[in-house]
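Below is one structure; the comments refer to it alone.
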Amino acid sequence: MKIGLQIPSFKYPGGTEAIRPKLREIAQTADEAGFASLWVMDHYYQIRGLFGEDYTDPMLESYTTLGYLAGVTESPTLGVMVTGVIYRHPSVLLKMVNTLDIVSGGRAYLGIGAAWYEEEAEGYGIDYPSTSERFEQLEDTLQLAHALWSGDEASFEGQHVSAPKITNNPRPLSNPHPKILIGGMGPKKTLRMVAEYADACNWFEWMGNERLQEAMDTLRGHCEDLGRDFDEIEKTSLGTVTLADGQDTVQSVIDRCRNLSQLGFSHAIFNMTNVYKITPLETFGREVIPAVADL
C-alpha cells in the first residue's frame, strides 16, 4: 500500500511569512520519508471545524501551490483533492495540469469533482449551477481531457463546454497522460464516470466499511457494464490522522491501512492535523510506510 499526504491547512506558527519555508520543510520531509503522493484541497475558504476555526483561515490557491511543491520535491506524485469543476475553464485547467506534469517531471494527477462548497463559490462570485448541471460540466471536462490527451490538437463541443481548437503542446510527460482521479461516491453518476473516464478514485475513509464496500461493488458493476477492467482503477482513500498522545498511534494507523487494503484500496492518503510539527511525517517514514508497504 502506498501512503499519501494531503496538506489542508496553511495556518502555521509565524503567520504568512512562515508559509513558504514551512511548506518546503513539510514537502521535502515527506519526500525523504517515502510518501508516494502530495495533495492540496481546491478551496478558497477554509472548511470550518475540520481544518480551521473559521472560513477566513489562510488558504492558498491549489495549482500555484503544487507548482511550488514540484520544484522542491523529486518523487511524490502531485494532485488536487479535488479540483472543483466550476472554478476554472476546462481548457485552462488542462493547460495547468499539463504544465504541472511537465515542471514536476511527469508527476501530476488531474483530481476532479463536481464541487460542493456553495458558500465559497458565492463569496467569490463564481456561478454555482444546479447539481445536475455541475455533473454535466464534470462529464464535459472529462471528455475534453480524453480528447485533448489523445493527440496534438482537439476540437470539442460538449453540453456546456466549447473548445474549438485546443492544443496539446507541449505534451505532458506522464504516459499516456496524467492520471485522472475522480472524487466522490455517488452511485449513479460519480461512480459511473469513474468507470468510464478515470484512472483512480478517492473516497472518504470515515464513511465506514459498509459504505466503502458498497461503493466498491457499485463501481465493479459499472465496470462490468462498460467493459472496463475494475482492477486497473487505482482506489485511494482519504482520512485524517493526529499522531499525538491520547489520539492516533502508529499501530492504529497501521491497522487502518490493513483494513483499507482488505477493502481493496491500494493508496491511503492522510490529512495530518499537526503536520507542521514535522515529527509526525518522520514517524510515518520510519514506522508506518515500511510496515504497510506489502499490504
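We did not get these values from a lab; they are worked out from the coordinates using the rules stated. The structure presented is a predicted model; accordingly, all values stated were derived computationally and were not measured. Methodologically, a virtual Cβ is constructed for each residue, glycine included, from the backbone with ideal geometry; neighbour enumeration extends over all protein chains shown.
Could you state the number of Å between the C-alpha centres of the range 26-58 and the range 93-144?
18
Considering only DSSP beta bridges whose two residues both sit in the range 90-187, what percent are antiparallel, to the nearest 5? Could you put the intermediate results ahead of the total?
Numbers: 4 of 8 bridges.
For the range 90-187, the DSSP antiparallel bridge percentage is about 50.
Over the chain, what relative contact order in percent results from Cα pairs under 8 Å that are six or more residues apart? Don't skip to the answer; put the middle values down first.
Details: 522 pairs, mean separation 59.5, N = 295.
It comes to 20 percent, rounded to a whole number.
Could you tell me the center-to-center distance, by alpha carbons, between the range 256-275 and the range 183-220 in angstrom?
For the range 256-275 versus the range 183-220, the Cα centre distance is 15 Å.
Whole-Hz Karplus ³J(HN,Hα) for the range 165-172, in order, using 6.51 cos²θ - 1.76 cosθ + 1.60 and θ = phi - 60°, x for Gly and Pro?
3J(HN,Hα) across the range 165-172, in whole Hz: 7, 9, 10, 10, 9, x, 5, x.
Could you check what % of the DSSP bridge pairs in the range 124-250 are antiparallel, to the nearest 5? Don't skip to the end; give the middle numbers.
Values: 4 of 13 bridges.
In the range 124-250, approximately 30 percent of DSSP beta bridges are antiparallel ones.
Tell me what the chain gives for mean residue ellipticity at 222 nm when only DSSP H runs of n ≥ 4 count, each as -39,500 (n - 2.57), the sum divided by the residue total, rounded to 500 deg cm²/dmol.
Details: 10 runs with 114 residues, N = 295.
Using -39500 (n - 2.57) per qualifying helix, the result is -12000 deg cm²/dmol.
Place the peptides 25-35, 158-168 in order of packing, highest mean first, counting for every residue the other Cβ atoms within 10 Å and averaging per peptide. Before the final figure, lay out each step's value.
Values: 25-35: 20.0, 158-168: 14.9.
Averaged packing, sorted descending, gives the order 25-35, 158-168.
Rounded, prolate or oblate: which fits the range 146-220 when a ≥ b ≥ c are the square roots of the eigenvalues of the alpha-carbon gyration tensor, with rounded for a/c under 1.5 and prolate only if a/b beats b/c? If you can, show how the numbers build up before the last one.
Numbers: a/c = 3.47, a/b = 2.11, b/c = 1.64.
Prolate shape, in that a/c is at least 1.5 and a/b is the bigger ratio.
Taking only Cα atoms and a 10 Å spring cutoff, compute GNM fluctuations for the chain and point out the largest among Thr249, Thr16, Thr236.
Among Thr249, Thr16, Thr236, the largest mean-square fluctuation in the Gaussian network model of the chain belongs to Thr16.
Let me make sure I get this right: for the range 39-169, a, b and c are the square roots of the gyration tensor eigenvalues over alpha carbons, sorted descending. Under 1.5 in a/c it's rounded, otherwise prolate if a/b > b/c, else oblate. Which is it? Intermediate results must be reported in sequence, preceding the final value.
Details: a/c = 2.51, a/b = 1.16, b/c = 2.17.
It is oblate, given that a/c is not under 1.5 and a/b is not larger than b/c.
Of Lys2/Lys188; Lys95/Lys235; Lys165/Lys235, which ones are farther than 30 Å apart at the Cα?
On the way: Lys2/Lys188 28 Å; Lys95/Lys235 26 Å; Lys165/Lys235 34 Å.
Distance filter (> 30 Å) returns Lys165/Lys235.
Do you know the relative contact order of the range 82-183, to the nearest whole percent, from alpha carbon pairs under 8 angstrom that are 6+ apart?
Working: 147 pairs, mean separation 37.6, N = 102.
Relative contact order here is 37 percent.
Give a residue-ordered list of calculated ³J(HN,Hα) values for the range 14-20 (Karplus: 6.51 cos²θ - 1.76 cosθ + 1.60, θ = phi - 60°; whole Hz; x for Gly, Pro).
Taking θ as phi minus 60°, the curve returns x, x, 4, 5, 7, 5, 4 Hz for the range 14-20.
Tell me which of Val253, Ala198, Val288 sits at the most positive position along the dipole axis of the range 160-295, charges placed on C-beta atoms (Lys, Arg +1; Asp, Glu -1).
Result: Ala198.
Have a look at the DSSP beta bridges in the chain and tell me what percent are antiparallel, nearest 5. Don't skip to the answer; put the middle values down first.
Values: 4 of 40 bridges.
Antiparallel bridges: around 10 percent, rounded to the nearest 5.
Please name which of Leu138, Gly264, Gln159 has its Cα lying farthest along the dipole of the chain towards the positive end, using unit charges on Cβ (Lys, Arg +1; Asp, Glu -1) and the Cα centre as origin.
Comparing the listed Cα positions along the dipole, Gly264 ranks first.
Return the long-range amide H neighbours of Gly111 (sequence gap of 5 or more, or a different chain), with a cut-off of under 5 Å between placed amide H atoms.
Residues meeting the amide H criterion: Val80, Thr83, Leu181.
Only four residue types carry charge here, +1 at the Cβ of Lys and Arg and -1 at the Cβ of Asp and Glu. Report the dipole size of the range 82-183 about the Cα centre in Debye, rounded to the nearest 20. Write out the running numbers ahead of the final one.
Details: 7 positive and 13 negative charges, 123 e Å.
With Lys and Arg at +1 and Asp and Glu at -1, about 600 debye.
Per-residue HN-Hα couplings for the range 122-131, Karplus 6.51 cos²θ - 1.76 cosθ + 1.60 at θ = phi - 60°, whole Hz, x for Gly and Pro?
Listing the rounded values in order: 5, x, 9, x, 9, 4, 10, x, 4, 4 Hz.
In what order do Phe284, Phe51 fall by count of nearby beta-carbon atoms within 10 Å, going from fewest to most?
Phe51, Phe284
So who's got an amide H within less than 5 Å of the one on Asn271, skipping anything under 5 residues away but keeping other chains? H placed 1.01 Å off N, in plane.
Residues meeting the criterion, in which the H sits 1.01 Å from N, are Gln6, Gly239, Thr240, Val241.
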